1. When you look at E130, is it in the same structural domain as K249 (by TED's automatic domain parsing), modelled with pLDDT under 95, assigned to a helix (DSSP H, G or I) and over 20 Å from V178 (Cα atoms), yes or no?
2. Would a scan of segment 256-274 turn up a residue that is at pLDDT below 95 and under 23 Å from S128 (Cα atoms)?
3. Report whether or not A274 is closer than 15 Å to E108 by Cβ and surrounded by 14 or more Cβ atoms within 10 Å (Cβ to Cβ).
4. Check segment 204-212 and report whether any residue there is in the same structural domain as E93 (by TED's automatic domain parsing), buried (at least 18 other Cβ atoms within 10 Å of the Cβ) and in contact (Cβ under 8 Å) with a residue 40 or more places away in the chain.
5. What do you reckon, is F107 farther than 18 Å from L183 by Cβ, of a type in the set (F, W, Y) and under 14 Å from the mean Cα position of the chain (by Cα)?
6. Of the conditions (1) closer than 18 Å to Q188 by Cβ; (2) part of a loop (DSSP other than H, G, I, E, B), R269 fails just one. Which one is it?
7. Does Q188 satisfy being touching a Ser or Thr at 6+ places or on another chain (Cβ under 9 Å) and either outside the structural domain of L112 (by TED's automatic domain parsing) or over 28 Å from E93 (Cβ atoms) (or both)?
8. Scan segment 172-179 and give yes if some residue there is assigned by TED's automatic domain parsing to the domain that holds Q110, out of contact with any Leu (no Cβ under 8 Å at 6 or more places or on another chain), part of a strand (DSSP E or B) and in contact (Cβ under 8 Å) with a residue 24 or more places away in the chain, otherwise no.
Amino acid sequence: MPQPKKRTKNASAMKMVGQLLANYRRAAGYTQRSLARLVCAEEETVASIEQGRRALKSDLAEQLDELLDTKGALAVAVKHMPEMDKYPLWAEEFIDREQEALAIDWFENQVLPGLLQTEEYARAVFRSKEPPLDADEIEVQVAGRIDRQAVLQRKVPPSASFVISEAVLLDRIGGDLVRREQLRRLRQDADLPGLSIQVMPLGRETHAALDGPFVLLGTPDHEHLGYMETQRGSILVSDANEVGILTRKYAMLRTQALNIEESRSLLDRLVGEA
């Protein structure tokens, strides 16, 4: 597992860089909103960076340095930040493979897939950990989860399919407001090209994955991998026979779940009721 002291140090570094950005922004006479518009970012992105909840990326730091005339100060601060332990050590290989994947198939029955979580939903998930994480650990883990979602914004994004239990959509992780925003995000994601969301409805008499959630990855090297997490670790599967079994399970799940159009309609209804 990652060392807590290192994660705390990195979270503090994120806050330091965020405060530095806030000071430079105010000195230049910009609001968070006006600065976000100039760099073609969301206002929430600037706010999250300034509050130390999201890491400042090097390319954005360079853009801000030029705009705020800070003589490269932000880029230097980002360059010298210590590496962040954003992920458990046992998940790092999977996350590396996920970021280069050409295809991602993901089944979840307890919590939303990390690639589809809003920042507040992710924060609520990490706040639910037992034993509890401290505040700095939570922010580092949230930053790591949000950073992973960049894989869906690649110039050529992976083909991504998600089968999600309806129970997950009905849960209130983080409260009603967090659930409402998360449902809206899911409905928007459901319209992205190359991405499909299917809901496994409650009340079924058969279910192809009663043993729990899993992920399938197709890599640029034509590898096919499976991934499963346990309470205290994970398994990355490369054996062709084992991956083949997971692939058959996923194919059956897709036939048992609501189809893409039905799933969108369900999301529309849940968004309207939230």
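1. Answer is no for this residue.
2. yes
3. Criteria not met by A274.
4. Scanning segment 204-212 turns up at least one residue that is in the same structural domain as E93 (by TED's automatic domain parsing), buried (at least 18 other Cβ atoms within 10 Å of the Cβ) and in contact (Cβ under 8 Å) with a residue 40 or more places away in the chain.
5. Details: farther than 18 Å from L183 by Cβ: yes; of a type in the set (F, W, Y): yes; under 14 Å from the mean Cα position of the chain (by Cα): no.
In short, no.
6. Of everything listed in (1) closer than 18 Å to Q188 by Cβ; (2) part of a loop (DSSP other than H, G, I, E, B), R269 misses just condition (2).
7. When the stated conditions are applied, Q188 does not pass them.
8. Checked segment 172-179: no residue is assigned by TED's automatic domain parsing to the domain that holds Q110, out of contact with any Leu (no Cβ under 8 Å at 6 or more places or on another chain), part of a strand (DSSP E or B) and in contact (Cβ under 8 Å) with a residue 24 or more places away in the chain.
The values are calculated or read from the model by the stated rules, or taken from the named source; none is laboratory data. Predicted model, so just to flag it, every value in this text is computed and none were measured. Positions of Cβ are generated from backbone atoms using ideal geometry, with glycine treated the same way; all protein chains shown enter the neighbour counts.
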